[in-house]
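In what follows, a single structure is set out as structure tokens and then discussed.
The values are calculated or read from the model by the stated rules, or taken from the named source; none is laboratory data. This structure is a prediction, so every number in the text was calculated from the model and none was measured. Please note: Cβ atoms are built from the backbone with ideal geometry, for glycine as well, and neighbour counts cover all protein chains shown.
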Amino acid sequence: MAKVILWTQEDCPLCGKVKAAYAENGYEERNAQELIRGDNVDTDAMTQLAMQNMQLPIVMVDGEFVDPRAVISASGEAAA
């Protein structure tokens, strides 16, 4: 089974859709606000967040970052 890490925050519709996509197999959830404030120094995740134009969620599967919209699309939900 893949190891999935999600950086999310409350009031994030895309975060909820990505969590739903991984709900069956499970995931580790991390607080994106800690990352943004600098409380959690994870340079790889922060770089990914910048590459996503500061849009959440950040999705990592087996050590590789994944486009959250691709996850949502693959699950059959609309990404809007």
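Can you pull out every residue in the stretch 53-66 that is modelled with pLDDT of 95 or more and either surrounded by 15 or more Cβ atoms within 10 Å (Cβ to Cβ) or in contact with a helix residue (DSSP H, G or I) (Cβ under 9 Å, 6 or more places away or on another chain) (or both)?
Correct list: 56, 57, 58, 59, 60, 61, 65, 66.
Cβ contacts < 7 Å: first residue farther than 15 Å from residue 29 by Cα, restricted to the stretch 42-64; second residue part of a helix (DSSP H, G or I) and not hydroxyl-bearing (Ser, Thr, Tyr), any location; separation 6+ or different chain. Result?
Cβ pairs passing all conditions: 46/35; 49/35.
Of all residues in the stretch 10-28, which are in contact with a helix residue (DSSP H, G or I) (Cβ under 9 Å, 6 or more places away or on another chain) and surrounded by 15 or more Cβ atoms within 10 Å (Cβ to Cβ)?
12, 14, 15, 17, 18, 21, 22, 27 - these are the residues of the stretch 10-28 that are in contact with a helix residue (DSSP H, G or I) (Cβ under 9 Å, 6 or more places away or on another chain) and surrounded by 15 or more Cβ atoms within 10 Å (Cβ to Cβ).
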